[in-house]
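Written out below as structure tokens is the structure these notes cover.
The values are calculated or read from the model by the stated rules, or taken from the named source; none is laboratory data. Please read all numbers here as calculations on a predicted model, not as lab measurements. Cβ placement follows ideal geometry from the backbone for every residue including glycine, while neighbour counts extend to all protein chains displayed. Remember, those area values only see protein heavy atoms, side chains included, never the ligands or the DNA or RNA. Shrake-Rupley method; radii C 1.70, N 1.55, O 1.52, S 1.80 Å.
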Amino acid sequence: MTRTLVVELHAHLGETVTVHGWVNTLRLQRRIQFVLVRDHTGLVQVTHLRGGEGDAVEAAFEGVTVESAVKITGKVVANPQVKLGGLEIVPSRVEVVSPAEPKLPIDERTGIDQRLDWRFLDIRRPSQHLVFDVQTTVERAMREVAAEEGFTELHTPKLMGTASESGAEVFEVGYFGRTAYLAQSPQFYKQMAIAGGIDRVFEIGPVFRAEPSFTSRHATEFTGVDVEIAWIDGVEDVMAFEERMLHRVLAAVAERHGSAIAEHFGTAVTVPGLPFPRITMAEALARLRATGWDREGVKDDLDPEGERALCALIAEETGHEFVFVTRFPAAVRPFYHLRPEDDPTVTESFDLLWKGVEITTGAQREHRYDRLVAQAREKGMDTGPLSGYLDCFRYGTPPHGGLGLGLGRLLMLALGLPSIREATFLFRGPHRLEP
């Protein structure tokens, strides 16, 4: 028979249907067998009155194990005593498609490391499946905004002939007798597209960072959301786009998944008001130092403690979970960030913090060839390996800016998860390359 999803059963009361899924729990009493069957849309109770010798359904349920894949055919009947939607299935046929071994290697009390070892079992749980339903909604909403605002979606190379711009450690791979590098960012390629006359560039794709970080928000491979916009009047145009995009994203998540997120994670999805608060780095440092952070006054960037403290301060003052931190010192930003005429010691750049965590870095780029070369040399960089990038600025490049956002961090914070590992299908970190 045609498969019926659990979420569709209310439309089939009194009918015979076939449900495909996994055995979630078994309660095999002396007179009645109760089996909860789960598919990706929900749970349904299957209730069977034992028939004794020759009862094939009874025998099947007696022999089946939790997490076995099954097909259940039966009549959908109303039963107000059943908490799962007030209905149940009275089975006429049970097919065990693939039995599970009796002892499962993980359960709901298992720690994250072991659960990651058995990730395919872990994501059968409705709460874990919800993570990727939300991810799908997030990406769909992002693409909708990008399309409405005239962006072209590109897919940039992840193999590079030279190490990318950030100066952080990169992964080296053998490449036909030479060394290639896994891209830390599509930054240079986005700017190449801008120089090529594609005014608005958008990409969702993998990013690789060879950093030995073991925090709850770092990964060696993650999904980045990248944007680049030409002919901007200033970095404010980039920030305004991002806040519009995130407003749409969180509105879509709240509408589609808000109740499920509250049920499974105890987190309320708040749709942020526009505009987001903004604060310069100089002001942020001064205000945080007044609270006792960085008593020595030596830091020129925010550490995780500072990010959390700043978000708490802004939330107390404005009620807003987001804050843009702007005008970072040139010393802590890449060479290609534009420096304003009124203060060349800073850059027209920003980080976006949400709930105490940085989720985005962005900036207006330096589009003038001579200044770009001078800033690279100022930072002690050899411009030779950068020639393919720098050539893009020799023949007329418009003012432009963009951002890079970490999808995993966005999901982690939206759902209230303790770690980015929970928000990633198959996590990669310094000690994890499996499964």
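Computed from phi, the 3J(HN,Hα) profile of the range 292-304 under the Karplus parametrisation 6.51, -1.76, 1.60 (θ = phi - 60°) reads x, 6, 6, 4, 6, x, 9, 8, 10, 8, 8, 8, x Hz, with x in place of Gly and Pro.
What the Cβ-Cβ distance of ASP370 and ALA240 gives, at R0 = 35 Å and to the nearest 0.05, is a FRET efficiency of 0.75. Less than 5 angstrom separates the built amide H of THR152 from those of ARG200, VAL201, PHE202, all sequence-distant by 5 or more or on a different chain. Working ranking of peptides 379-389, 362-372, 145-155 by packing, defined as the average number of other Cβ atoms within 10 Å per residue, highest first, is 362-372, 145-155, 379-389. The label point for VAL173 and the one for THR383, both projected 7 Å from the Cα toward the Cβ, are 3.1 nm apart. Among the trypsin sites (Lys or Arg not before Pro) within the range 1-103, those in coil by DSSP and having at most 13 neighbouring Cβ atoms inside 10 Å are ARG30, ARG31, LYS83, LYS103. Couplings for the range 118-128, taken from phi via the Karplus curve 6.51 cos²θ - 1.76 cosθ + 1.60 with θ = phi - 60°, read 10, 4, 5, 6, 4, 7, 6, 5, x, 5, 6 Hz in order; Gly and Pro are left as x. The sum of -39500 (n - 2.57) across all DSSP H runs of n ≥ 4, divided by the residue count of the chain, sets its helix-only mean residue ellipticity at 222 nm to -9000 deg cm²/dmol.
Would you mind working out the accessible area per residue for the chain, using a 1.4 Å probe, and quoting it in Å²? Before the final figure, lay out the partial values.
Details: 20780 Å² over 435 residues.
With all protein chains present, the chain gives 48 Å² per residue.
What does the C-alpha gyration tensor say about the overall shape of the range 176-333? Classify as rounded when a/c is under 1.5, otherwise prolate if a/b is larger than b/c, or oblate. Intermediate values should be presented prior to the final figure.
On the way: a/c = 1.41, a/b = 1.17, b/c = 1.20.
Here the range 176-333 falls in the rounded category.
Classify the range 78-139 from the C-alpha gyration tensor, please: rounded if a/c falls under 1.5, else prolate or oblate depending on whether a/b exceeds b/c. Verdict is oblate for the range 78-139. For the pair the range 309-358 / the range 43-71, the C-alpha centres are spaced 59 Å from each other.
What does the convex hull of the alpha-carbon atoms of the chain project to on average, in nm²? Numbers along the way, then the final one.
Details: hull surface 106.7 nm².
Average of the hull's projected areas for the chain equals 26.7 nm².
Taking each residue as 0.36 nm, the span from ASP391 to ARG30 lengthens on full extension beyond its C-alpha to C-alpha distance by 122.0 nm.
The Rg/Rh ratio of the range 284-391, with both radii computed over alpha carbons and Rh defined as the Kirkwood radius, is 1.05. Of the solvent-accessible surface of the range 328-434, computed with a 1.4 Å probe over protein heavy atoms with every protein chain present, carbon and sulfur atoms account for 53 percent. Debye calculation, C-alpha points only, no solvent: report log10 I(q)/I(0) for the range 156-248 at q = 0.16, 0.18 Å⁻¹, in the same order as the q values. One equal scatterer on each Cα of the range 156-248 leads to -0.79, -0.94. Placing pseudo-labels 7 Å out from each Cα toward the beta carbon at GLU341 and ALA315 gives an inter-label distance of 4.1 nm. Taking a point 7 Å out from the Cα of GLU15 in the direction of its Cβ, the residues of the range 91-109 whose backbone N falls within less than 18 Å of it are 91-93. At q = 0.13, 0.19, 0.30, 0.31 Å⁻¹ the log10 of I(q)/I(0) for the range 347-397 amounts to -0.44, -0.73, -1.13, -1.16, computed by Debye summation with a single uniform scatterer per C-alpha, solvent ignored. Measuring against 28 Å, Cα to Cα, the residue pairs LYS75/LYS103; LYS190/LYS379; LYS299/LYS379; LYS355/LYS379 contain LYS75/LYS103; LYS355/LYS379 as the ones spanning a longer distance.
Can you figure out the FRET efficiency of ALA100 with THR291, using R₀ = 56 Å and their beta-carbon distance, to the nearest 0.05? Let's see the in-between values first.
Working: r = 54 Å, r/R0 = 0.96.
About 0.55, to the nearest 0.05.
3J(HN,Hα) couplings calculated from phi for the range 147-152 with the Karplus curve 6.51 cos²θ - 1.76 cosθ + 1.60 (θ = phi - 60°) are, in sequence order, 5, 4, 9, x, 7, 9 Hz; Gly and Pro show x.
Kindly identify the range 253-325 as rounded, prolate or oblate by the Cα gyration tensor criterion: order the square roots of the eigenvalues as a ≥ b ≥ c, call it rounded if a/c is under 1.5, otherwise compare a/b with b/c, prolate if a/b is larger, else oblate. The shape class here is prolate.
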